[in-house]
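First the structure, in the form of structure tokens, and then the observations on it.
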Amino acid sequence: ADRASEVVEAVGRDALADELVARVSFDEEGYVDNSGVVFDQSFLDLVAPVAAETFSFESPDVILTAATDGITLGAAMASFFDARLAYAKKSKETAVEEFIESRQRLASGIELTYYLPARAIDAGDTVLVVDDLIRSGETQELLLDIALQADADVTGVFTLIAVGDEGMERARAITDAPVGALTTFE
């Protein structure tokens with residue numbers, strides 16, 4: 001908590017959000033290029049204490065994210081909170097026997113499934129769901145479902161970038177825990 005306060009005071013949420021906005025671009029179809037952020041671990045290491053302080057996230061046992069772009073943010077958050085990092089993937093690991101599986105049919109008709117090795121989260125663990133981007137909230141909904149299937153307690157949902165409000169509202173409908181984004185694009 002002291003370290004988070006120091007970073008927030010020294011750097012500030014607004015300064016980090018401004019830097020994030022400067023590093024993100026959108027193409028003509030609305031796709032987000034956030035590679036200038038997700039590949040900069042030193043920047044993400046600054047985000048973690050700011051997110052913790054700004055949104056009052058309780059210290060979790062596990063940071064849960066989705067492969068692949070969420071992993072670097074997840075690693076920064078896990079390091080800050082001294083928590084384990086777990087990331088769900090769209091394919092099963094070859095040597096793993098038991099998985100927690102969450103599946104959803106998207107509006108486009110495509111079915112999206114995420115798998116997490118069952119031993120990655122224990123019943124009773126506290127889990128903070130993080131991801132680099134939230135637009136529709138479908139990925140976060142699947143991650144929250146995985147946490148709930150594991151009988152874990154969700155302590156919050158955090159994303160670097162929110163595009164619109166739909167995804168944030170979808171996450172808030174699933175959990176009473178704090179839900180926050182470093183910056184929102186309309």
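Assorted remarks:
- For the chain, the antiparallel share of DSSP beta bridges with both residues in that region comes to about 30%.
- Gain in span if fully extended, Asp40 to Glu58, counting 0.36 nm per residue against the direct Cα distance: 4.0 nm
- Leading residue at positive end of dipole, region 8-134 (Cβ point charges), from Val129, Ala107, Ala95: Ala95
- Region 39-119 - share of DSSP beta bridges that are antiparallel (%, nearest 5): 60 percent
- Rg in Å to one decimal, and Dmax rounded to a whole Å, for region 41-112 via C-alpha atoms: 14.8, 40
- Compactness of the chain is given as radius of gyration and Dmax, 15.7, 47 Å, from Cα positions.
- Positive-pole candidate from Pro49, Val179, Tyr31, dipole of the chain, charges at beta carbon: Tyr31
- FRET E, pair Ala107, Asp165, Förster distance 25 Å, beta-carbon r, rounded to 0.05: 0.90
- Exposed chymotrypsin sites (Phe, Trp or Tyr not before Pro) absent: longest stretch of the chain, with sites in DSSP loops and at most 12 other Cβ within 10 Å deemed exposed: 40-186
- Charge dipole of region 126-186 (Cα centre as origin; +1 on each Lys and Arg Cβ, -1 on each Asp and Glu Cβ, all else neutral): 100 debye, rounded to the nearest 20.
- Straightening the chain between Phe26 and Arg119 buys 29.7 nm, computed as 0.36 nm per residue apart minus the Cα-Cα spacing.
- The chain, dipole about Cα centre (Lys/Arg Cβ +1, Asp/Glu Cβ -1), debye to the nearest 20: 380 debye
- GNM result for the chain, Cα springs below 10 Å: residue of Asp18, Asp145, Asp69 fluctuating most strongly: Asp18
- Surface exposure of the chain, expressed per residue as accessible area with a 1.4 Å probe, stands at 49 Å².
- Annotation: amide H of Thr155 within the under-5 Å range of Val127, Leu128, Val129, sequence separation 5 or more or interchain, hydrogens built in the peptide plane.
- Student exercise, region 46-127 dipole from Lys, Arg, Asp, Glu Cβ charges, in Debye to nearest 20: 360 debye
- Taking every DSSP helix (H) stretch of at least 4 residues in the chain, weighting each as -39,500 (n - 2.57) and dividing the sum by the residue count yields a mean residue ellipticity at 222 nm of -11500 deg cm²/dmol.
- Euclidean distance between Cα centres, region 45-63 to region 152-172, Å: 14 Å
- Here the gap between Phe185 and Ala15, fully extended at 0.36 nm per residue and compared with their Cα-Cα distance, gives a gain of 59.6 nm.
- For Val179, solvent-accessible area (1.4 Å; no DNA, RNA or ligand), Å²: 20 Å²
- In order through region 110-120: 3J(HN,Hα) via Karplus (6.51 cos²θ - 1.76 cosθ + 1.60), integer Hz, x for Gly, Pro: 6, 9, 10, 10, 10, 10, 10, x, 4, 7, 6
- Of the solvent-accessible surface of region 1-121, computed with a 1.4 Å probe and all protein chains present, 45% belongs to carbon and sulfur.
The values are calculated or read from the model by the stated rules, or taken from the named source; none is laboratory data. Please read these numbers as outputs of a predicted model, since none were measured by experiment. So basically every Cβ, Gly included, is an ideal-geometry build from the backbone, and we count neighbours across all protein chains shown. Accessible surface is based on the protein model in full, side chains and every heavy atom, while ligands, DNA and RNA are left aside. Shrake-Rupley method; radii C 1.70, N 1.55, O 1.52, S 1.80 Å.
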